[in-house]
Amino acid sequence: MSVACAAVSICCLSAYSSPDKIIPRPVEYSVSEGFCNLRPDGSDIKVYLGTRDFVHRVKDLPDFAREEAYELIVSSKGVKIYAMTEEGAFRASQALEMMRLIDRDIRCCTVFDYPRFRHRGIMLDESRSFKGKDFVKKQIDALALLRMNVMHLHLTDAAGWRLQIDAYPNLTDHVAWRKGETYHEWEALGYPFTDAQDPEAYGGFYTKDDIREIVAYAAERHIDIIPEIEMPGHSMEVNRAYPEIACVGEDGKPRPFSWDLCVGNDGTLRFLETVLEEVIELFPYRYIHIGGDEAVKKDWEVCVNCHKRMQAEGMTHKNELQGYLVRHIEKFLRERGKTVIGWDEIVETGLPEQAVVMSWRGTPGGIRAASEGHDVIMSPNSYVYLDYYQDLIRKEPKAVGHMQSLRHVYKYDPLEGIAPEYHHHILGLQGNLWCELIPYAAHAEYMLYPRAFAVAEIGWTPQEEREFFDFRERCLTLVTVFRSMGYNTFDLFNESLKAQTGRLRFDNPSFIL
Ligand code: ACM
Ligand code: ZN
């Protein structure tokens, strides 16, 4: 029997739903005799917040887990939900909804559940390919169903600025529009920008009303949006829009094709502060991501303004310019009640403890940051980069790097390598979907699902309760559900043996899924 046939038969045997079929796997559950078939109008679901028994039940959980904890009691007469907060009740409703989507007949059961980590997120790269509001809202629905709570939007990068900023109209009149539908076409053409009226224009941006709509939509689902305004690297589009703040070359002329912002120019600092003031008004959350990765720093070597800044600040190496900028912006945001998140490069150049580090160059950056007292979100490219291949290179659309199959992603534990005394600094994890090679919405969903299911379960379920083959069986069911909801998932039923098992052949005949 082929693996694919075996997998399909498992899925078709689901004649009812129950908590052991959902993702993430709940912390505790039991099933009993009988079934519940919920009324479509939800009138048989009762919610109780902060009851004495429930308060007692969650009293020893960490604060964040208590907020999201719930108890779900499904009986043949209907459903009772107990939680401390609306957020906990919402998580319960989504666990119930996933059961209902798997099968309308739900086994009578009791579930007691809460998350392992406070940050369970997915990042979408809206700069390299702009997929827009409806796509983002559809993925917010998916995150909600997976009991995730963060969507990080990478809104600015060389390939396009994607957020309306009233003070700087060139950002959306000009560098939100490029020639070249895909990132690599644009690159091959020499990075041309154009405007929306050009029939060959590719691009777009979020208006302020779009962002308000997304933020409200996410809030109804208890999901926070983290905006990322990238600096100082990955910022060529800013220099193209406003060359007067770009680094100056040896010829005394501005360098609009410079990859990095000019840290020597006070105009750059004013630009960033003004942009961030507008960002703060739109995103009512604690965190703002300021990028910080992969600055090239080449033009800083020759730029007269960068030299002046280095002299004035007593710097001896160009790298210190990055630290200067990040500290300046961190202070600016802290004074406005915000906490900075940055990619792990930011730990290398001196940083206040309050800044949160997002570890992407594998896990070492996060391990170091946690040991230096920073809170950390783990998103290592060695495990949870969802733009990497998910199956054999020969069978997949062009992707990045080595294979990060569902099995590989699921292996990750965010506390791996972190000394126990620093565990409290690990806020959680995030899967990142960079889109240089992913120009279309259907392709993005193909890369996201089912690997986002693994990110969700890692973030929620206790490590000792996680087991890959049990998880994979649930994924086969959920992939079918997602497809029926209109998501274009990877075809897990035809995943190669190598991706499933790490081996090319079954050498143990009892090992059949
Ligand atoms: C990154 O992947 N450059 C954060
Ligand atoms: Zn400069």
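Of everything listed in (1) open to solvent by less than 50 Å² (accessible area, probe 1.4 Å); (2) touching a helix residue (DSSP H, G or I) at 6+ places or on another chain (Cβ under 9 Å); (3) more than 23 Å from Ile341 (Cα to Cα), the single unmet condition for Asp195 is (1).
Look at Leu415 and say whether it is under 30 Å from Leu476 (Cβ atoms) and open to solvent by 30 Å² or more (accessible area, probe 1.4 Å). Let's see the steps before the verdict.
Numbers: under 30 Å from Leu476 (Cβ atoms): yes; open to solvent by 30 Å² or more (accessible area, probe 1.4 Å): yes.
Yes, satisfied.
Of the residues making up segment 95-109, those that are in a helix (DSSP H, G or I) and either free of Cβ contacts under 8 Å to residues at least 24 places away in the same chain or surrounded by fewer than 21 Cβ atoms within 10 Å (Cβ to Cβ) (or both) are Glu97, Arg100, Leu101. Only one of the numbered conditions (1) open to solvent by 10 Å² or more (accessible area, probe 1.4 Å); (2) modelled with pLDDT of 95 or more; (3) not aromatic (Phe, Trp, Tyr) is not met by Leu386, and that is (1).
Name the helices (runs of 4 or more DSSP H) wholly within segment 301-420 that hold at least 3 residues that are under 28 Å from Thr501 (Cβ atoms) and not aromatic (Phe, Trp, Tyr)?
Numbers: elements: 304-313, 319-334, 364-371, 406-410.
Output list reads 406-410.
When Val340 is tested against (1) within 16 Å of ligand 1 (Cβ to nearest atom); (2) open to solvent by 10 Å² or more (accessible area, probe 1.4 Å); (3) β-branched (Val, Ile, Thr), just one condition goes unmet, and that condition is (2). Taken as a whole, the structure places Val248 among residues that are surrounded by 16 or more Cβ atoms within 10 Å (Cβ to Cβ) and among the hydrophobic types (A, V, I, L, M, F, W, C).
Against the definition (away from ligand 2 (no atom under 12 Å from the Cβ) and either open to solvent by 30 Å² or more (accessible area, probe 1.4 Å) or over 32 Å from the mean Cα position of the chain (by Cα) (or both)), how does Lys253 come out, yes or no?
Numbers: away from ligand 2 (no atom under 12 Å from the Cβ): yes; either open to solvent by 30 Å² or more (accessible area, probe 1.4 Å) or over 32 Å from the mean Cα position of the chain (by Cα) (or both): yes.
Spelling it out, Lys253 is indeed away from ligand 2 (no atom under 12 Å from the Cβ) and either open to solvent by 30 Å² or more (accessible area, probe 1.4 Å) or over 32 Å from the mean Cα position of the chain (by Cα) (or both).
Select from segment 14-31 the residues that are open to solvent by 60 Å² or more (accessible area, probe 1.4 Å), among the hydroxyl-bearing types (Ser, Thr, Tyr) and at pLDDT below 95 and list them in ascending order. Answer for segment 14-31, where residues must be open to solvent by 60 Å² or more (accessible area, probe 1.4 Å), among the hydroxyl-bearing types (Ser, Thr, Tyr) and at pLDDT below 95: just Tyr16.
Got a sec? Which of Arg472, Arg503 is more than 23 Å from the chain's Cα centre (by Cα) and basic (Lys, Arg)?
Numbers: Arg472 fails: more than 23 Å from the chain's Cα centre (by Cα).
Going through Arg472, Arg503 in turn, just one is more than 23 Å from the chain's Cα centre (by Cα) and basic (Lys, Arg): Arg503.
With respect to Gly267, determine if the residue is more than 23 Å from Pro243 (Cβ to Cβ), open to solvent by less than 70 Å² (accessible area, probe 1.4 Å), small (Gly, Ala, Ser) and within 16 Å of ligand 2 (Cβ to nearest atom). Here the answer is no, as Gly267 does not meet what is asked. Of all residues in segment 447-499, those being open to solvent by less than 30 Å² (accessible area, probe 1.4 Å), aromatic (Phe, Trp, Tyr) and either over 18 Å from Gln390 (Cα atoms) or assigned to a helix (DSSP H, G or I) (or both) number 5.
The single residue among Met403, Met358 that is within 28 Å of Glu465 (Cβ to Cβ), away from ligand 1 (no atom under 16 Å from the Cβ), open to solvent by less than 60 Å² (accessible area, probe 1.4 Å) and not small (Gly, Ala, Ser) turns out to be Met403. If you go through segment 146-173 and pick out every residue that is open to solvent by less than 10 Å² (accessible area, probe 1.4 Å), assigned to a loop (DSSP other than H, G, I, E, B) and hydrophobic (A, V, I, L, M, F, W, C), you end up with 6. Residues in segment 291-323 that are open to solvent by less than 40 Å² (accessible area, probe 1.4 Å), of a type outside the set (A, V, I, L, M, F, W, C) and away from ligand 1 (no atom under 16 Å from the Cβ): Asp299, Asn305, Arg309, Gly323. Here the condition is being crowded, with 21+ Cβ neighbours inside 10 Å and either within 16 Å of ligand 1 (Cβ to nearest atom) or not hydrophobic (A, V, I, L, M, F, W, C) (or both); of Gly365, Gly373, it holds for Gly365 alone.
The values are calculated or read from the model by the stated rules, or taken from the named source; none is laboratory data. Bear in mind that the values here come from a model prediction, so they are computed numbers and not experimental data. Reconstructed Cβ throughout: ideal geometry from the backbone, glycine too, with neighbour counts over all protein chains shown. Heavy atoms of the whole protein, side chains included, go into the accessibility calculation; ligands, DNA and RNA do not. Shrake-Rupley method; radii C 1.70, N 1.55, O 1.52, S 1.80 Å.
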